[in-house]
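Some notes on the structure that comes next.
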Amino acid sequence: MKANVLEAPDQPIVWKEVETPIPGPGEVVVKIKAAALNRRDYWISIGKYAGLKYPAILGSDGAGIVTEFGEGVDPNWLNKEVVINAAFNWGENDNAQGKDFKILGLPDDGTLAEYVKVTAENLFDKPAYLTWEQAAAFPLAGVTAFRALTVKAKAKKGDTVLISGVGSGTGTFALQFALAMGCRVFVTSGSGEKLDSAIQMGALAGVNYKAQDWAEELQHLSGGFDIIIDSALGEGFAKFPDLCKPGGRIVFFGGTAGDIPSINGRKVFWKQLQLLGSTMGNAADFKAMLEFMHTHQIIPVIDEVYPMNTAGDVIKKMGTSAQFGKLVLTI
Ligand SMILES: NC(=O)c1ccc[n+]([C@@H]2O[C@H](COP(=O)([O-])OP(=O)(O)OC[C@H]3O[C@@H](n4cnc5c(N)ncnc54)[C@H](OP(=O)(O)O)[C@@H]3O)[C@@H](O)[C@H]2O)c1
C-alpha cells in the first residue's frame, strides 16, 4: 500500500510504498476513504510531542470500509462503512485514561495511508447522513469538545459559554455542540473573518484575542461566562478567571499558545471556579457524541479537502492556523 511516512522530525513527509497491514486477533484492516488532520499531526511532524518514534505514519482520524478481520472479530464488520475512534485502551476509570492509553497515529501507524489496522472495538458505524469527508472529520476533535462540554463543564441550556480560538477543529465542534445544547455562545479568534463565520453559525458575538482590550470587550458583551472552553493556554488564559461568573468552569485540553504565565488563585477560590483539564474521551463519550450528532444532524466544518498524497504540505499549512475547522484528505 501507499502511505504518508514521516522519517524524522522536520523532514518532508513522503507518500511511498510500505507494507500493507495484516490484522491480528481482535483487529481489522480499514481501507481509508477519507482522513482528517489534528494539531497533534503538526506537533509530531516538528518533533514536539511525547513518545516520538520514526518512521511514523500519522493520522488519528479516518473513515473507510473494513476489508479484513483477524481472529475473534465479529465477521459482520466485513465490508461495513466505519469511523474509527482514535482513543485506544482508555481503561476502567471514566475520570481519566489509564497508563496503556494511546492515540492512533503514533505509536501505531495511523490513517494517512491507503489502509490502517485498528482494534475492532474502536470501530463505529459511519453516520449515514455524513459524507466520507465529514465522517473522517469528527472523531478526535469532536469527542474532545464533547467531553469538555458535557462530562467536564456540565453544559446546559441557557449557559453562557466562551469558545476561545474558534477557528480550531476542536473550537468549531465546541461551537456547534454548545449551540445545539441551547447555550449562549461567544467566541474569540485571531481572525476577523473567522469571527464572522462563527457568528454566521450562531455565535452571539466574538472578539479578536490579539486586540489589547479583548477581555474587557468580552465581559461587556457577555456579562460573564458560566463555561470557558480553551485549547490554547498562553497569556490570555490568565484573564479567564475574571471573565467567569461565580461558580464558572474553565475546561482546557491544549496549549497551542504556550504555557499559562500566572493566574490569580485568590480569584479562583473566591469565585468558586473550577479549572478542569480534559483529554479526548472514552468509548461512552464517543457513543454519546454520535447520538448527539445524529439527533442534531451536526455537520462538521471542513475548511478544505486535499488529495491524500499531499498530506505533508497540508500538515505544514496547519501550522499557519489559516484554516477554519478541519483539514481533510481523501484517496
Ligand atoms: N488533550 C486532548 O485530548 C486534545 C485533543 C484535541 C486537541 N488538543 C490540542 O488542542 C489544540 C487545538 O487542536 P486542534 O486540532 O483543534 O487545532 P487546530 O485546528 O490546528 O487549531 C489551532 C487554532 O488555535 C487557535 N489559537 C492559536 N493561538 C491562539 C491564542 N493565543 N488564543 C486562542 N486560540 C489560539 C487558532 O484559532 P483562530 O484561528 O480562531 O485564531 C488556530 O486556528 C492543540 O494544541 C491540540 O494539541 C488536545
Over the Cα atoms of the range 275-331, how large are the radius of gyration and the largest Cα-Cα distance (Dmax), in Å? 14.8, 41
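Based solely on its DSSP helices, what 222 nm [θ] is calculated for the chain when runs of n ≥ 4 H residues each add -39,500 (n - 2.57) and the sum is averaged over all residues, nearest 500 deg cm²/dmol? Please list the in-between numbers first.
Values: 10 runs with 85 residues, N = 331.
Per the formula, -7000 deg cm²/dmol.
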At 0.36 nm per residue, and after removing the present C-alpha to C-alpha distance, how many nm does the segment from residue 242 to residue 78 gain when stretched out fully? 53.7 nm
Quick numbers on the range 177-331, Rg and Dmax over C-alpha atoms in Å, give 17.1, 54
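Over the range 60-154, what lengths in whole Å, largest first, do the semi-axes of the equivalent ellipsoid take, defined as the square roots of 5 times the eigenvalues of the alpha-carbon gyration tensor? Intermediate values should be presented prior to the final figure.
On the way: eigenvalues 101, 59, 33 Å².
Value: 23, 17, 13 Å, ordered largest first.
Hey, can you rank 53-60, 168-175 by average C-beta count inside 10 Å, highest first? Before the final figure, lay out each step's value.
Details: 53-60: 21.1, 168-175: 29.0.
Ranking, from highest mean packing down: 168-175, 53-60.
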Would you kindly state how much longer the chain becomes between residue 99 and residue 11 on full extension, computed as 0.36 nm times their sequence separation minus their alpha carbon distance, in nm to one decimal? 28.7 nm
Considering only Cα-Cα distances, which of the following residue pairs are longer than 32 Å: 99/210; 48/157; 48/117; 210/267? 99/210; 48/157
With the full set of protein chains in place, find how many percent of the accessible area of the range 142-277 is carbon and sulfur; take the probe as 1.4 Å. 52 percent
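Please work out how much length the chain gains when fully extended from residue 67 to residue 114, using 0.36 nm per residue of separation minus the C-alpha to C-alpha distance, in nm with one decimal.
Values: separation 47, 0.36 × 47 = 16.92 nm, distance 1.15 nm.
Result: 15.8 nm gained on full extension.
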Computed over the range 127-195, the ratio Rg/Rh where both radii use C-alpha atoms and Rh is Kirkwood: 0.99
Distance between the C-alpha centers of the range 112-189 and the range 32-101? Whole Å please. 16 Å
State, to one decimal in nm, how far the label point of residue 191 lies from the label point of residue 128, with both points 7 Å from Cα in the Cβ direction. 3.6 nm
Mean projection area, nm², convex hull over Cα of the range 42-111: 6.2 nm²
Count the DSSP beta bridges whose two residues both fall in the chain, then state the antiparallel fraction as a percent rounded to the nearest 5. 55 percent
So if we plug the beta-carbon distance of residue 272 and residue 296 into 1/(1 + (r/R0)^6) with R0 = 30 Å, what FRET efficiency do we get, rounded to 0.05? 0.45
The Kirkwood hydrodynamic radius of the range 86-243, taken as the inverse of the mean 1/r over all distinct Cα pairs, in Å, comes to 17.2 Å
From the Cα trace of the chain, what convex hull volume per residue do you get, rounded to a whole Å³? 125 Å³
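If you average 1/r over all unlike Cα pairs in the range 219-276 and invert the result, what Kirkwood radius do you get in angstrom?
Details: mean 1/r = 0.0879 Å⁻¹.
Result for the range 219-276, one decimal place: 11.4 Å.
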Which of the aspartates and glutamates could a cross-linker span from residue 317 if the Cα-Cα distance has to be under 20 Å and same-chain partners fewer than 8 positions apart are dropped? 7, 10, 41, 61, 133, 193, 303, 304
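With +1 on each Lys and Arg Cβ and -1 on each Asp and Glu Cβ, how big is the dipole of the chain about its Cα centre, in debye rounded to the nearest 20?
On the way: 31 positive and 36 negative charges, 186 e Å.
Taking the Cα centre of the chain as origin, the dipole is about 900 debye.
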Compare the Cα positions of 161, 20, 290 along the charge dipole of the chain (+1 at Cβ of Lys, Arg; -1 at Cβ of Asp, Glu; about the Cα centre) and return the one farthest towards the positive end. 161
In debye to the nearest 20, how big a dipole does the range 193-331 give about its Cα centre with +1 on each Lys and Arg Cβ and -1 on each Asp and Glu Cβ? 340 debye
Per residue, what accessible area does the chain have, given a 1.4 Å probe and all protein chains present, in Å²? 43 Å²
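The values are calculated or read from the model by the stated rules, or taken from the named source; none is laboratory data. This is a predicted model, so every value here is computed, not measured. All Cβ positions, glycine included, derive from the backbone under ideal geometry; neighbour counts span all protein chains shown. Only protein heavy atoms, including side chains, enter the accessible area calculation; ligands, DNA and RNA are left aside. Shrake-Rupley method; radii C 1.70, N 1.55, O 1.52, S 1.80 Å.
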